[in-house]
There are 2 protein chains.
Amino acid sequence: MVETKPGTNLLFLRDEDLRQGIELLFFAYRDFTAEGDTILAKQKFGRAHHRVIYFVGQYPGMSVSNLLGILSITKQSLSRVLRQLVDEGYIDQQPGTTDRRQRLLTLTAKGKELEQLLTSEQRARIAAAYKNAGADAVEGFRKVMLGIMEDSARRRFNEDKT
Amino acid sequence: MVETKPGTNLLFLRDEDLRQGIELLFFAYRDFTAEGDTILAKQKFGRAHHRVIYFVGQYPGMSVSNLLGILSITKQSLSRVLRQLVDEGYIDQQPGTTDRRQRLLTLTAKGKELEQLLTSEQRARIAAAYKNAGADAVEGFRKVMLGIMEDSARRRFNEDKT
DNA sequence: AATATATGTCAATATTGCTGACGTATATTC
DNA sequence: GAATATACGTCAGCAATATTGACATATATT
């Protein structure tokens, strides 16, 4: 059991607040992904492609199994999407140096271009929301979001503090 | 352009922070929906059913077009899911009193039971995260989430302040 | 009476996920 | 060196969810 700040009466834990929390997540995520989906549709790709492009872009040289863990999908599901992206020249695969069974993934120039196109709108949306809310609110947002996700995912954010 | 708090240096708007924001949304939403999906799978229903059950539960007597707007899907997509839920006795449809073209939706007892089962885990997850983060953080979380969503969705939350 | 709106439905298609089974290349272990 | 494990890929089949387009019915509105 975690202690709350002194003077806090936990009024924010009413059933109504929890319901609101559920809806905040639903609507924010819905609107956050909507525009990207529209762009993707024009490229004949879907949201799954977006996610792959995004994570390979952020973590160049990541292994397939690593990516599978992040996406929480099966390798068969990833395979189809990855195959398309490799075949169409968005992603490069290279054998790992220490373990040559691995296929390390990186974005090609074409892939980077698409990644930029896709995330620019999302970055702008986040930036606007952050700016509007202010630094303290952003810190609160982070805390709550970290609390919502699983421990395993939370670790990622504690590690890469710059 | 919105003014930020005085003394704020906008360091939280670095590219790295925006990237982190994208990931926070991705992982929090992924984990937030994961367990519900597992329960649903056992009931032969999917996430779409969950969303319908949830919103009809929260806003009893809501019209089909209203629900369509919230879910941002086509009526054909909703139709299949809704048909199943009505046929299997989770949802009741009644003609609107003022406009009899409408089919107003409400949960049956069976529907309410499923709704409870489905959202209880999500409520618990939100509650734990809120408690851990504290009241101030929750307020920041709300601000940022509202900023991320579209104006149209934001209105919903400004209206029903209790 | 003409038109618009709320809802439902049929058909065809795409994306994304799943399970199960099997194959290849490379590492690790006995 | 042989057996086993791991990383990855792929084929086949299935299910859920979403789409567009077309058309129908009942009721409201003009």
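The values are calculated or read from the model by the stated rules, or taken from the named source; none is laboratory data. If you're wondering where the values come from, they're calculated on a predicted model, not measured in any experiment. Every residue, glycine among them, receives a Cβ derived from its backbone with ideal geometry; neighbour counts consider all protein chains shown.
Applying the selection to region A:64-118, what residues are basic (Lys, Arg) and touching a Ser or Thr at 6+ places or on another chain (Cβ under 9 Å)? Walk me through how you get there before you give the answer.
First pass over region A:64-118, keeping only residues basic (Lys, Arg): A:75, A:80, A:83, A:100-101, A:103, A:110, A:112.
Hits for region A:64-118 are A:Lys75, A:Arg103.
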Which of the residues belonging to region B:71-94 are within 30 Å of A:Phe32 (Cα to Cα) and among the polar types (S, T, N, Q)? B:Ser72, B:Thr74, B:Gln76, B:Ser77, B:Ser79, B:Gln84
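So which residues in region A:86-116 are polar (S, T, N, Q), near DNA strand D (Cβ under 9 Å from one of its atoms) and either out of contact with any helix residue (DSSP H, G or I) (no Cβ under 9 Å at 6 or more places or on another chain) or more than 13 Å from A:Val56 (Cα to Cα) (or both), if there are any at all?
A:Gln102 - this is the single residue of region A:86-116 that is polar (S, T, N, Q), near DNA strand D (Cβ under 9 Å from one of its atoms) and either out of contact with any helix residue (DSSP H, G or I) (no Cβ under 9 Å at 6 or more places or on another chain) or more than 13 Å from A:Val56 (Cα to Cα) (or both).
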From the list A:Leu82, A:Leu104, A:Leu78, A:Leu114, pick out the single residue that is aliphatic (A, V, I, L, M), in contact (Cβ under 8 Å) with a residue 60 or more places away in the chain and either away from chain B (no Cβ under 14 Å) or outside any loop (DSSP other than H, G, I, E, B) (or both). A:Leu114
Could you give me the residue pairs with C-beta distances under 7 Å whose first residue belongs to region A:28-48 and is in a loop (DSSP other than H, G, I, E, B), whose second residue is surrounded by 15 or more Cβ atoms within 10 Å (Cβ to Cβ) and at pLDDT below 90 wherever it lies, and which are 6+ apart or on separate chains? A:Gly46/A:Leu40
Selection status of B:Ser120, part of a helix (DSSP H, G or I), surrounded by fewer than 14 Cβ atoms within 10 Å (Cβ to Cβ), on the phi < 0 side of the Ramachandran plot and away from every other protein chain (no Cβ under 14 Å): no
Of A:Ile39, A:Ile22, A:Ile91, A:Ile53, the only residue that is among the β-branched types (Val, Ile, Thr) and within 14 Å of the chain's Cα centre (by Cα) is A:Ile53
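In region B:66-75, how many are within 11 Å of DNA strand C (Cβ to nearest atom) and either among the β-branched types (Val, Ile, Thr) or without any contact (Cβ under 8 Å) to a residue 12 or more places away in the chain (or both)? Spell out the reasoning first.
Going through region B:66-75, the residues within 11 Å of DNA strand C (Cβ to nearest atom) turn out to be B:66-69, B:74-75.
Within this subset, residues satisfying the condition of being either among the β-branched types (Val, Ile, Thr) or without any contact (Cβ under 8 Å) to a residue 12 or more places away in the chain (or both) are B:66, B:68-69, B:74-75.
Count: 5.
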Only one of (1) out of contact with any Leu (no Cβ under 9 Å at 6 or more places or on another chain); (2) within 13 Å of DNA strand C (Cβ to nearest atom); (3) within 30 Å of B:Arg154 (Cβ to Cβ) does not apply to A:Arg19, and that is (2)
